[in-house]
1. Just a yes or no: is a residue in segment 243-256 modelled with pLDDT under 85, basic (Lys, Arg) and assigned by TED's automatic domain parsing to the domain that holds Trp199?
2. What are the residue pairs meeting all of these: first residue in segment 37-56, first residue assigned by TED's automatic domain parsing to the domain that holds Gly78 and touching a residue at least 12 places away in the same chain (Cβ under 8 Å), second residue surrounded by 13 or more Cβ atoms within 10 Å (Cβ to Cβ) and among the acidic types (Asp, Glu), Cβ atoms under 8 Å, and 6 or more apart or on different chains?
3. Among the numbered criteria (1) over 30 Å from Thr340 (Cα atoms); (2) surrounded by 13 or more Cβ atoms within 10 Å (Cβ to Cβ), which single criterion is violated by Asp41?
4. Does Tyr226 fit the bill of being under 30 Å from Ile336 (Cβ atoms) and in contact with a helix residue (DSSP H, G or I) (Cβ under 9 Å, 6 or more places away or on another chain)?
5. Filter segment 316-340 for residues that are of a type in the set (D, E, K, R) and within 24 Å of the chain's Cα centre (by Cα); which is nearest to Asp190 (Cα to Cα)?
6. Within segment 330-358, count every residue that is in contact (Cβ under 8 Å) with a residue 40 or more places away in the chain and under 16 Å from Ile273 (Cβ atoms).
7. Among the numbered criteria (1) surrounded by fewer than 12 Cβ atoms within 10 Å (Cβ to Cβ); (2) touching a Leu at 6+ places or on another chain (Cβ under 9 Å); (3) acidic (Asp, Glu), which one does Glu308 miss?
8. Can you spot a residue in segment 229-244 that is within 26 Å of Glu319 (Cβ to Cβ), free of Cβ contacts under 8 Å to residues at least 12 places away in the same chain and more than 24 Å from the chain's Cα centre (by Cα)?
Amino acid sequence: MDKKRIVLMCTDDFAKPLSKYGFEVLWVLPFVYQLFYEKKDKVELSLKDFTQRLNGYKAKIIDFAPQYFIADSGFFCGILNRLKYITRGEMIRLWVDFIEDLNKRGIITIVSCVDDPWQFVAGKKDVVPIRRAFKVVKTHSMQFENKFLQWGQKVIYFPNYVNVNFTGSPTDENISSVKVTTDEGLKGFDLFFVGKMNWNRKIFFWRLSKKLKGLDYFFGSPEFFYTSRKEIMFDPRNRHHMQQLYGKSLLNIIYGSMGELLFQRTWGVTDRIFNIAYCHGFFLCDWRRHLSDLFNVEPKLYTFRTFEQCYAEIKIYLENSSLRKSLSDKFHEDVIRHHTVDNRIEHFIYDLEKLNNI
């Protein structure tokens with residue numbers, strides 16, 4: 001394919017794989033944060049100053065002359081929550097005008113969206129006008145596909161992927177040879193979960209912890225957790241530690257942040273699944289609609305729909321190490337073959353080529 005240019009206002013995980021497939025990449029996210037935040041927690045610019053900087057940023061993009069511009073929707077949620085002197089309405093109008101101007105110049109604008117329900121709850125709905133200004137939605141889930149199509153947007157399905165390897169973006173060439181830094185004193189758990197602990201997860205894991213007498217467990221985040229241990233000898237924010245704990249723990253629990261009422265209808269699959277499988281760990285996951293499209297394993301073998309079913313399966317798998325190993329081997333094989341960044345980018349580029357007609 002001809003040399004293409006793309007601006008990334010999102011994770012740099014895509015930069016090296018896109019370059020490998022012939023793209024010239026301009027990764028601007030650090031520049032954007034410094035431009036508007038000035039290394040502070042608040043956006044303290046006046047409307048006039050912010051407008052001038054945004055116009056300067058747009059000029060930088062136009063000078064690069066990209067065919068594509070991709071931005072993460074989480075950035076807009078964050079910046080709208082940190083305004084000091086600018087109203088949210090003023091900020092929304094500026095970003096909408098910015099994106100629509102790129103559209104008029106023939107640049108295909110893409111917003112990367114996880115589609116989790118929290119992005120539509122009260123207080124977040126004002127992000128919607130910004131997202132609607134984009135021509136394309138790149139989504140980890142098909143949950144709101146009809147909504148995007150009603151807004152006249154194209155949809156690119158881009159499932160989550162392995163990202164626990166922080167020596168660089170995993171690729172088909174290096175993913176199998178990555179060496180995990182070991183800590184001989186780091187002991188795995190019987191049951192393990194690390195993630196943000198909102199109300200639903202706190203209740204779920206509190207209930208679970210009350211039933212796990214005699215078992216070694218950790219459920220939580222650096223700020224809030226339940227554990228059977230008197231002292232924690234690892235850092236949940238350290239990816240070296242996570243690599244080891246995912247693989248050393250007998251059973252990793254995955255439970256959606258929105259609770260049982262919503263995960264029954266949810267499509268999105270967290271990257272935690274792929275990270276655990278990459279580390280040769282075993283997991284039980286709350287049921288998601290397209291798990292059968294991602295793994296060559298019957299979902300009934302590793303999913304649960306209720307708290308009671310989760311607890312029953314925990315007891316079964318803790319007593320059956322051979323079954324755990326057999327399934328974790330299959331998960332690992334599927335991840336290496338299908339769920340690396342390179343796999344995702346290859347399909348993504350194919351979809352980008354089709355977008356040239358919009």
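1. Within segment 243-256, the first condition is being modelled with pLDDT under 85, and the residues that meet it are 256.
This time we only want the ones that are basic (Lys, Arg), so: none.
There is no residue in segment 243-256 that is modelled with pLDDT under 85, basic (Lys, Arg) and assigned by TED's automatic domain parsing to the domain that holds Trp199.
2. What qualifies is Leu47/Glu90.
3. It fails just one condition, (2).
4. Details: under 30 Å from Ile336 (Cβ atoms): no; in contact with a helix residue (DSSP H, G or I) (Cβ under 9 Å, 6 or more places away or on another chain): yes.
Criteria not met by Tyr226.
5. Looking only at segment 316-340, we keep the residues that are of a type in the set (D, E, K, R), and these are 319, 324-325, 329-330, 333-334, 337.
Subset that is within 24 Å of the chain's Cα centre (by Cα): 329-330, 333-334, 337.
Working: Asp329: 19, Lys330: 21, Glu333: 23, Asp334: 24, Arg337: 28 Å.
So, considering only residues that are of a type in the set (D, E, K, R) and within 24 Å of the chain's Cα centre (by Cα), the one nearest to Asp190 (Cα to Cα) is Asp329.
6. First, pick out the residues of segment 330-358 that are in contact (Cβ under 8 Å) with a residue 40 or more places away in the chain: 331-332, 334-336, 338-349, 351-353, 355-356, 358.
Retained after the next criterion (residues that are under 16 Å from Ile273 (Cβ atoms)): 331-332, 334-336, 338-341, 343-344.
Matching residues across segment 330-358 total 11.
7. All conditions are met except number (2).
8. No, that holds for no residue.
The values are calculated or read from the model by the stated rules, or taken from the named source; none is laboratory data. Because the structure is a prediction, the values reported are computed rather than measured. Quick reminder, even Gly has a Cβ in these numbers, built from the backbone with ideal geometry, and neighbours come from all protein chains shown.
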